[in-house]
1. Restricting attention to region 92-110, does a residue exist that is of a type in the set (A, V, I, L, M, F, W, C), within 20 Å of the chain's Cα centre (by Cα) and at pLDDT below 90?
2. If Arg76 meets every condition in (1) closer than 23 Å to Leu124 by Cβ; (2) exposed (fewer than 11 other Cβ atoms within 10 Å of the Cβ); (3) at pLDDT 90 or above; (4) of a type outside the set (A, V, I, L, M, F, W, C) apart from one, which number is that one?
3. Among Val26, Val61, Val95, which is part of a strand (DSSP E or B), without any contact (Cβ under 8 Å) to a residue 60 or more places away in the chain and touching a His at 6+ places or on another chain (Cβ under 9 Å)?
4. Tally up the residues in region 1-23 that are under 28 Å from Leu81 (Cα atoms) and surrounded by 13 or more Cβ atoms within 10 Å (Cβ to Cβ), please.
5. Can you find, within region 24-52, the residue that is modelled with the lowest pLDDT among those that are open to solvent by 50 Å² or more (accessible area, probe 1.4 Å), farther than 30 Å from Ala93 by Cα and of a type outside the set (A, V, I, L, M, F, W, C)?
6. Kindly provide the set of residues from region 98-113 that are of a type outside the set (A, V, I, L, M) and either assigned to a strand (DSSP E or B) or surrounded by fewer than 13 Cβ atoms within 10 Å (Cβ to Cβ) (or both), ordered by number.
Amino acid sequence: TEVPLLPGRHVFRVTGECCLDLEREVMVSREAQPLVLPLPLDYRDARLFVRVSQAPAEANVAIKGPEGRLFLQGGRVNQILQVPVGRERFPRATVMVTAPGHRTYTRAVRLTSGGDTLRLVAELEPDAGRSDGPNATP
């Protein structure tokens, strides 16, 4: 959008449901016409609720985004997780739920920044061949 501006100080505010609020102050000079003002916006966190029935107290959630980028590590099950997505509005992600003595639960999802909470039910299966220790190998 092109808007004619008088020389001087101008404050631009951008607000929205999906994005973090942004405020930028700009001094416009007579020589600066037309002025191009890029406004890179960061999206609000996505929300994810991972429910695990009979979850071990040590069950953890990790969320990886595209190209293995870690969105969240050490999240807890059975509570709403805030997932920072940066500059992606609808990123694809992989949710992994781990617990000692259980197989890793993995599921591909599409997160929505600033939107409704995505609800996921994870069934953790016991892994008889796996140790309960912190150095267990799958």
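1. Filtering region 92-110 down to residues of a type in the set (A, V, I, L, M, F, W, C) leaves 93, 95-97, 99, 108-109.
In the following step, the residues that additionally are within 20 Å of the chain's Cα centre (by Cα) were identified as 93, 95-97, 108-109.
With at pLDDT below 90 added as a condition, the list becomes none.
Among the residues of region 92-110, not one is of a type in the set (A, V, I, L, M, F, W, C), within 20 Å of the chain's Cα centre (by Cα) and at pLDDT below 90, which makes the answer no.
2. (2)
3. Exactly one residue qualifies, and that residue is Val26.
4. Residues in region 1-23 being under 28 Å from Leu81 (Cα atoms) and surrounded by 13 or more Cβ atoms within 10 Å (Cβ to Cβ): 4 in total.
5. My answer is Gln33.
6. Within region 98-113, Thr98, His102, Tyr105, Thr106, Arg107, Arg110 meet the criteria.
The values are calculated or read from the model by the stated rules, or taken from the named source; none is laboratory data. Owing to the predicted nature of the structure, the values given are computational and were not obtained by experimental measurement. Note: ideal-geometry Cβ built from the backbone for every residue, glycine included; neighbour counts use all protein chains shown. To get the accessible areas, we keep the full protein, side chains included, count just its heavy atoms, and leave off ligands, DNA and RNA. Shrake-Rupley method; radii C 1.70, N 1.55, O 1.52, S 1.80 Å.
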